[in-house]
Structures are given as structure tokens and as C-alpha cells.
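Here's the structure, in C-alpha cells; my notes come after.
Throughout, read-outs are computed from the coordinates displayed, never taken from laboratory work. Bear in mind the structure is a predicted one, so any value in this text is a computation, not a measurement. As a convention, Cβ positions derive from the backbone with ideal geometry for all residues, glycine included, and neighbour counts pool all protein chains shown.
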Amino acid sequence: MSFSARYGTLIGLTAIVALFSALSPEAFARTSNLINITQQMSLLAIVALGATFVMSLSEFDLSVGAVVSMAGIVSVSLFGAGWGMVPTIVVTLVAGFAVGCISGFLVATWRMPSFIMTLAMGTIVGGLTFWISDGATLFGNIPNAFRDMGRGYLAGAPVLTLWALAATIFAAFILDYTELGRKMLAIGGNREAARLTGVPIVPTSVYAFGLCTLLAAVAGLLLTARLGSAHPTGGNGFLLQAYAAVFLGMTAFRDGQPNAPGTLLGAAIIAVVANGLTILGVPNYLQDIFTGLIIIAAVLVRNVGHKTQ
């Protein structure tokens, strides 16, 4: 793998940071703003790291946005019903994990297209979330200790940034240093070859999809903790950006393979672009256009690197 293919995305991020720093040194280049970017990207990074597990199977899970919303609504509903912090978190995470496990089982067992299966599952989860919340934003009896999970600083770093780093370490450990991770990547590389060599397709797929929605539920809990409320569509904006981050990450460090550090880098690119363009007063629709162009550029960098090999 050539230098440009391996490090082109990282170089691209450095160039983007340098560009915005030159255009707005008083606002963008401040240390406080760069720290703020790490906080802004944290929830996206966590959702994207979950999607990395499914992408390692060469599959998709389109229910992640709905699971983020569900986690928030379920947790606030349980707090409102008088549940304690620990049981509320546990039940919410188990519910999130279960959504992915169901999707993974049906995709692996019945060979249902993951795109269709998880779109349907996300629609079901979204409907249940609206039913529980009656379509309204929920506030109620959220403990201060729970809110502290998504607010403030620890050792000088935003708490949300530390959660994103922990999720990156967790995902990297699973994918790079465990048998489960190697099985996921084997299935993603060649499903039939993996099956013939004895890789258990169904359990591995169940775990991959389950880990994906588990991290989406973690992001939903942290989003609720940060906002002090939950909305039934609060997680919808994470879906496309999460997969954009994973795809950008696949152009970094490894030859087209999903990886946790690359996904974190992809989330950083999206966050830096959004932050820089906002500071420059660029409208939201133009920000979407720029983000799409960056993804195309990342693909071109990777392809050029392949041609030079």
C-alpha cells in the first residue's frame, strides 16, 4: 500500500485544518475551538465506530439513527417512572444490543439484504419510540449524575471526548486483537471462503450487528445526558454521517478495510469541516455539498495511491 493511499486521508485532514486556520485564525485556530471540535465529533464517532463492526462484514445497519433516538426516549421514560440510574442504563443498552442481534440473525440466517432488513428494523424502532414518547420531547427526573456523563471536563478534556476515545479503543481491540474481530473481517473479505474454513457466520453476524446498535445506544444515552432531554427523532442525523465517517476511514491506514482509527479520523474530518464552515458563515446546504466533495476526494486519493503501486 503506497504512502498516499495509507496516509492521504490524514494529510487531507491536516490540510483542511490548515486552510480553516488561515481563513479564520481568530476563531477556528484557537485551542478552545479545537477542543470543542473533539467534543462535537464524539457522538458521531461513537455511532460510526459501531457501524464499523457491520461494515467489517461488508453489510449495513440503517437502524442506528433510530436506536440513538430510542435509547434517549427509553432512558428518560424509565427515569420518569422512578427507575435508578444503573438499571436504566443497563436496560437501555440491552434493548439497543437486542435490536442489532435480531437484525444480524435475520440477515445471516435468511440471507435477507441488510439494507432492507435494517431499514425495516429502524422503521419499527422509530414507531415504537414515537409510541412511547407520544411524539413529544421528554424531560423528567433525570439524575444529575447521569447528566454528568455527557457534560463537563475530566482531567482537562471534555467528558464526551473521553467517551469517544474509549469507544475507539474498544472497537480497535475487538477488530484487531480478538478472534471475533478476525472472523468479522474474514466474512467481509469473502463470506463463502470464511464459511468453508469454519467461520460461524450466524453468531459472528449477530455479534457484529449487536455491537453496532449497542454503541448507537451508548451515543443515545450520552446525547440525552448532554441535552437533559430526549426527542423521538433526535438520532436521525447520525445515520448518513456515520457511514460517511466509516467510508472515509476505509481510505486511511489500511487497504480499503474498516478500522477504528480510520473511522475516528473520518468523524474528525466531518466535524472539522462543519465547524470551519459554520465559523465562516457558510449555509448548511453548502456544508453538505462540501462534505460530499471531501468523500469523493478521499476516494480519488485512494485510487491514485493504488495506481502507483
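Brief remarks follow.
- Here each label is just a point 7 Å from Cα along the line to Cβ, and for Ala297 and Ser32 those points are 2.9 nm apart.
- Comparing Leu43, Leu175, Leu154 in a Gaussian network model of the chain (Cα springs below 10 Å), the most mobile by mean-square fluctuation is Leu154.
- Sorted on the mean count of surrounding Cβ atoms within 10 Å across their residues, most packed first, peptides 180-187, 143-150, 265-272 read 265-272, 180-187, 143-150.
- Each of Val94, Val107 has some number of other Cβ atoms within 10 Å of its Cβ, and from fewest to most they run Val94, Val107.
- Dividing the summed helix terms, -39500 (n - 2.57) for each DSSP H run of n ≥ 4, by the number of residues in the chain produces a 222 nm estimate of -25000 deg cm²/dmol to the nearest 500.
- Karplus-derived HN-Hα couplings along segment 34-48 (A = 6.51, B = -1.76, C = 1.60, θ = phi - 60°), whole Hz, x at Gly and Pro: 5, 5, 5, 4, 4, 6, 5, 7, 4, 5, 4, 4, 5, 5, 5
- With neighbour counts taken as other beta-carbon atoms within 10 Å, the residues Val159, Val282 rank, fewest first, as Val282, Val159.
- For segment 13-55 versus segment 172-207, the gap between their alpha-carbon centres in whole angstrom: 31
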